[in-house]
Structures are given as C-alpha cells and as structure tokens.
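Everything on this sheet refers to the single structure shown next.
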Amino acid sequence: MRGCAPGDAPAAPVEITTASVQRGDIIQIGGHSCRVTDLLQLPGGAKRLCFESGELLTMHARSRLVALRTLRRR
C-alpha cells in the first residue's frame, strides 16, 4: 500500500478489526483501493463496510485487515 491516501494526504498503514475500523479508512481488496464511507453494526460483533464505489464487505468479529488511515493534523 502507498504512504499517501488519494489527494496526497499523509497516511499510515494500520491493522483494523471490527472494533477499530473507521469511516475514511482505505482498504485494498483485489488490487483496488476502497474507501469506507459507512459502517453498519451486525449481530455477533460483525460489521458491514460500505465503500465509495457502492460495494459492501462484511467483516467477521475476528477479522483483521490492513488499511491506510489518513493522519490527522493537530
């Protein structure tokens, strides 16, 4: 994954779980970068991620993924 999110904003790779995933995270799936736009809590600790492209991904409660997270300036 790159060190910059689209738009040249500085970003860092982070390991995400259903407890830590956030809107704006960029997850690479099948060679394509997908930005999380919405999250839906599901039973059993799972979450459904909605991407800008309109695609959906359901994360199991124990799933771990690597994502790019835009660094926020203070």
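All of the numbers you see were taken from the coordinates with simple rules; none came from a lab. From a predicted model like this one, the values you see are computed outputs, not experimental measurements. Every residue, glycine as well, gets a Cβ built from its backbone with ideal geometry; the counts of neighbours run over all protein chains shown.
A few remarks follow.
- Between L40 and H60, the contour length at 0.36 nm per residue exceeds the Cα-Cα span by 6.0 nm.
- With both labels modelled 7 Å from their Cα along Cα-to-Cβ, the V14 to C50 distance reads 2.2 nm.
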